[in-house]
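Asks: Questions regarding the structure given below will be posed in turn.
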Amino acid sequence: MAVTDAPKIITSRFDLDDGHTLARYEATGGYQGLKAALARPPASVVEEVKSASLLGRGGAGFPAGVKWGFCPPGVFPRYLVVNGDESEPGTYKDRLLMERDPHQLIEGVLIACYAVGCSQAFLYVRGEMALAQERIAQALNDAYAAGHIGKNIHGSDFSVDVVLHWGAGAYIVGEETALIESLEGNRGMPRLKPPFFPAAKGLYLQPTIVNNVETLSNLPWILTNGAAAFAALGAENSKGTRIFAVSGHVKRPGVYEVEFGVTTFRDLLYAPVYGGGIRHDHELKAFIPGGASAPWLYPEHLDVPLEAGTVGKLGTMLGSGAVVVFDETTDMVKACLRLVRFFARESCGKCTPCREGTTWLEKILERIVDGHGRPEDVNLLLDVCDNISVGMNWPPKQTTICPLGQSATSPIASAVMRFQDEFEAYVGGPAEITVDVKGPAFVGPVRQEVAADA
Amino acid sequence: MARFSEANLATALEIVSRYPRPKSATIPLLHLAQEQDGYVTDDAMEHIAELTGTTPVQVLGTCSFYEMFKREPVGRYLVNICTNISCQIMGGEELLHHAEHVLGIKAGSTTPDGLFTIEDVECIAACTEAPCLQVNYRYFHKISNEEFDEVVADLRAGRRTDEIPPHGTLARVRQHIPADRAAGPADPAGVPEPVWLSAHADAAEGEEA
Ligand SMILES: Cc1cc2nc3c(=O)[nH]c(=O)nc-3n(C[C@H](O)[C@H](O)[C@H](O)COP(=O)(O)O)c2cc1C
Ligand code: SF4
Ligand code: FES
């Protein structure tokens, strides 16, 4: 087991009752990273973040510094949009970062605006998070009064307003182009990429950087302690630390900041300081490694490190740091239905494969769970998936405007391939699988047997 | 009622002034309308259209996309019970059934006294604290049936009103940018390269560039 003694980079104030106040923030090193940034040229701050190789924590895991470099030169104004819409099932970290350490996020926002040259920032908080909105509003008001935000910050020539904006309930708005549509006052429907890559054509069709709350919350520490100290933690391409929310059937469900790249799933699920083992000492059946959109992993994957590239090769992702644990008693068919219902409800309706596909998947699964399923339905589920996400490859082929449609197929392909017998028990007979499912994570023991027989 | 009151109009104008384009204020103003009236009325949407330079149907188009906006009255307390994956496997559906039984209504409906509405909702970012729910977007973590009954009894008796404001009120602290500290909104059509970038670029030219 590798429970390391890596420092708490972003959760250091989580245990303080007043960690959200300006006084406590300033007393614990607050706004020092901004000071350090302002003392050097913006371009060198971008270089620092690049060399820290800070991966985006919103889901896609794209390096932040590299993304910042995508703004076309000479096109202004640029905007920064903070993605605080956290709603991927299983994900619980951005809300805590906003409620318990809002100044850390604000400082990160300011560092990013300075480095990239953004003339205004919008902090988009999920609508349902009333306390986070309250804490951020208070923190912004206090930071303005103290001269940390606004005109001529810390007496420099750097000026930027940070505006609190809030949503109104729609998972799809977490997708960056939908977030921008929503911020323009529209229905939150994604835009086609290309041409609407935010860094090139984002908010009001100007260059816009969209970053996740956790991503930006790392910046004060990186600027205070240096990229080298950050990159000394972790492994390969996954540097620093990362927050994982471990939920479901563990003894100690919780939100844990762990060293990225080296800590394993086994550590996360079983170490006494983290998950503490499976509840009632049951057997582990499966786990979702990175939010509802991620293909599932199984007990044989426990020793895999939390490293983005390694997990990617298994055909799944660390996504939003949401690990959901299923013990042996879990009804996988029902779990699968609940996840698919989520995607069907949240599809924005713009693309036919996603809108129709998720709806039909939900209907078929409902029929199965209600006891009216037919043996052919099991293959039919995969057939519908194959129409949404052609070949069910990993990473999926783009058949829709955003990846939500393909995401809906992850839980189905995972559950059907691995737990085919549970589906068969529901439909009352053996199912013949004819659809070719290519993603590496979708190969369970049932599939292996089929392959061996052939 | 229904159009913004004088005080809310002042708040609305302040919100609009922060954005480069007034239409961006649509969602915050819809929330303000819902805070004022408990739901979003047609008159409020007309008023918002005037304030954002759009049409009432554009405001309705945006409003109808988002689940939090109610276009007819709901209970004073909106009880949102999460049944998504982490909660489902930890008893979220059982909690929902208990709530439906105790309040005598199905999810999606309101008690006859207008006090409670139940919704069966998607993940509310409290997954490690399952099963969980929100009342008017205030969290209750790891809630048992007994605790649920207590909360309902308290709300019926008029207690906990400090903790849980009526439906429509989200943050009770508003952002306020003092005029002398404001950098101002960045007009997409008229903001040049920021000075701190150009100043450093000039300075750096001699060194490396
Ligand atoms: C359907 C969908 C939902 C998403 N939801 C979120 C979200 O709630 N929060 C988030 O930060 N990113 C979310 N993303 C990812 C964003 O599109 C974007 O990649 C991210 O905000 C970029 O920030 P980062 O580079 O700092 O990770 C979502 C993506 C998709 C396709
Ligand atoms: S894939 Fe689904 S959610 Fe994404 S844009 Fe298309 S219809 Fe909307
Ligand atoms: S699944 Fe219920 S809060 Fe996330």
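The values are calculated or read from the model by the stated rules, or taken from the named source; none is laboratory data. These numbers come from a predicted model, not from an experiment. Cβ placement follows ideal geometry from the backbone for every residue including glycine, while neighbour counts extend to all protein chains displayed.
Asks: Please pick out the residue among A:Gln398, A:Gln420 that is within 16 Å of ligand 1 (Cβ to nearest atom) and of a type in the set (S, T, N, Q).
Replies: Just a single option satisfies the conditions, and that option is A:Gln398.
Asks: Can you pull out the residues in the stretch A:272-284 that are surrounded by fewer than 20 Cβ atoms within 10 Å (Cβ to Cβ) and touching a residue at least 24 places away in the same chain (Cβ under 8 Å)?
Replies: A:Val273, A:Gly276, A:Gly277, A:Arg279, A:His280, A:His282, A:Glu283
Asks: Within the stretch A:295-304, how many residues are more than 24 Å from A:Lys363 (Cβ to Cβ) and either free of Cβ contacts under 8 Å to residues at least 24 places away in the same chain or buried (at least 22 other Cβ atoms within 10 Å of the Cβ) (or both)?
Replies: Residues flagged as more than 24 Å from A:Lys363 (Cβ to Cβ) and either free of Cβ contacts under 8 Å to residues at least 24 places away in the same chain or buried (at least 22 other Cβ atoms within 10 Å of the Cβ) (or both) within the stretch A:295-304 amount to 3.
Asks: Do the conditions hold for A:Ile172, that is, is it away from ligand 3 (no atom under 16 Å from the Cβ) and over 26 Å from A:Gly19 (Cα atoms)?
Replies: When the stated conditions are applied, A:Ile172 passes them.
Asks: Follow-up. Would you confirm, using the coordinates I've provided, whether A:Ala170 is more than 7 Å from chain B (Cβ to nearest Cβ) and either out of contact with any strand residue (DSSP E or B) (no Cβ under 7 Å at 6 or more places or on another chain) or farther than 25 Å from A:Glu47 by Cα (or both)?
Replies: No.
Asks: Still on this model: Can A:Glu176 be described as away from every other protein chain (no Cβ under 13 Å) and within 16 Å of ligand 2 (Cβ to nearest atom)?
Replies: yes
Asks: Still on this model: What's the number of the only condition in (1) touching a helix residue (DSSP H, G or I) at 6+ places or on another chain (Cβ under 9 Å); (2) among the small types (Gly, Ala, Ser); (3) away from ligand 3 (no atom under 16 Å from the Cβ) that A:Gly74 fails to meet?
Replies: Result: A:Gly74 fails condition (1) only.
Asks: Among the numbered criteria (1) among the aliphatic types (A, V, I, L, M); (2) at the interface with chain B (Cβ under 8 Å from one of its Cβ atoms); (3) touching a residue at least 12 places away in the same chain (Cβ under 8 Å), which single criterion is violated by A:Ala145?
Replies: The number of the failed condition is (3).
Asks: Filter the stretch B:113-151 for residues that are charged (D, E, K, R) and more than 14 Å from every other protein chain (Cβ to nearest Cβ) and give the result.
Replies: Those that are charged (D, E, K, R) and more than 14 Å from every other protein chain (Cβ to nearest Cβ): B:Asp113, B:Glu146, B:Glu147, B:Asp149, B:Glu150.
Asks: Can you tell me which residues in the stretch A:26-36 are touching a residue at least 24 places away in the same chain (Cβ under 8 Å) and either in a loop (DSSP other than H, G, I, E, B) or outside the structural domain of A:Gly155 (by TED's automatic domain parsing) (or both)?
Replies: The answer is A:Gly29, A:Gly30, A:Tyr31.
Asks: Enumerate the helices (runs of 4 or more DSSP H) found wholly within the stretch A:93-184, keeping only those where 1 or more residues are of a type in the set (Asp, Glu) and not assigned by TED's automatic domain parsing to the domain that holds A:Trp221.
Replies: Once the helices (runs of 4 or more DSSP H) in the stretch A:93-184 are filtered for at least 1 residues that are of a type in the set (Asp, Glu) and not assigned by TED's automatic domain parsing to the domain that holds A:Trp221, nothing remains.
Asks: Among (1) surrounded by fewer than 23 Cβ atoms within 10 Å (Cβ to Cβ); (2) within 30 Å of B:Leu13 (Cβ to Cβ); (3) not charged (D, E, K, R), which single condition is B:Phe148 missing?
Replies: Condition not satisfied by B:Phe148: (2).
Asks: Just to check your reading of the model, which residue among B:Glu93, B:Glu67 is within 16 Å of ligand 2 (Cβ to nearest atom) and under 29 Å from A:Phe343 (Cβ atoms)?
Replies: The unique qualifying residue is B:Glu67.
Asks: Which residue out of A:Val246, A:Val255, A:Val262 is at pLDDT 95 or above, among the aliphatic types (A, V, I, L, M) and farther than 22 Å from A:Asp15 by Cβ? Steps first, answer last, please.
Replies: Numbers: A:Val246 fails: farther than 22 Å from A:Asp15 by Cβ; A:Val255 fails: farther than 22 Å from A:Asp15 by Cβ.
Exactly one residue qualifies, and that residue is A:Val262.
Asks: Going through the stretch A:179-227 one residue at a time, which ones are charged (D, E, K, R), within 13 Å of chain B (Cβ to nearest Cβ) and either surrounded by fewer than 24 Cβ atoms within 10 Å (Cβ to Cβ) or free of Cβ contacts under 8 Å to residues at least 12 places away in the same chain (or both)?
Replies: Scanning the stretch A:179-227 gives A:Glu181, A:Glu184, A:Arg187, A:Lys201.
Asks: Then there is this: Which one is farthest from ligand 1 (Cβ to nearest atom) among residues in the stretch A:328-358 that are at the interface with chain B (Cβ under 9 Å from one of its Cβ atoms) and of a type in the set (A, V, I, L, M)?
Replies: A:Ala335
Asks: Would you pick out the residues in the stretch B:81-129 that are within 23 Å of the chain's Cα centre (by Cα), within 9 Å of ligand 3 (Cβ to nearest atom) and either closer than 19 Å to B:Tyr39 by Cα or in a loop (DSSP other than H, G, I, E, B) (or both)?
Replies: B:Thr83, B:Asn84, B:Val121, B:Glu122, B:Cys123, B:Ile124, B:Ala125, B:Ala126
Asks: Taking into account only those residues within the stretch A:115-129 that are within 8 Å of chain B (Cβ to nearest Cβ) and closer than 18 Å to A:Tyr171 by Cβ, which is surrounded by the fewest Cβ atoms within 10 Å (Cβ to Cβ)?
Replies: A:Gly127
Asks: Looking for whichever is within 16 Å of ligand 2 (Cβ to nearest atom), in contact (Cβ under 8 Å) with a residue 12 or more places away in the chain and among the β-branched types (Val, Ile, Thr) here; the options are A:Thr358, A:Thr310, A:Thr330. Which one fits?
Replies: A:Thr358
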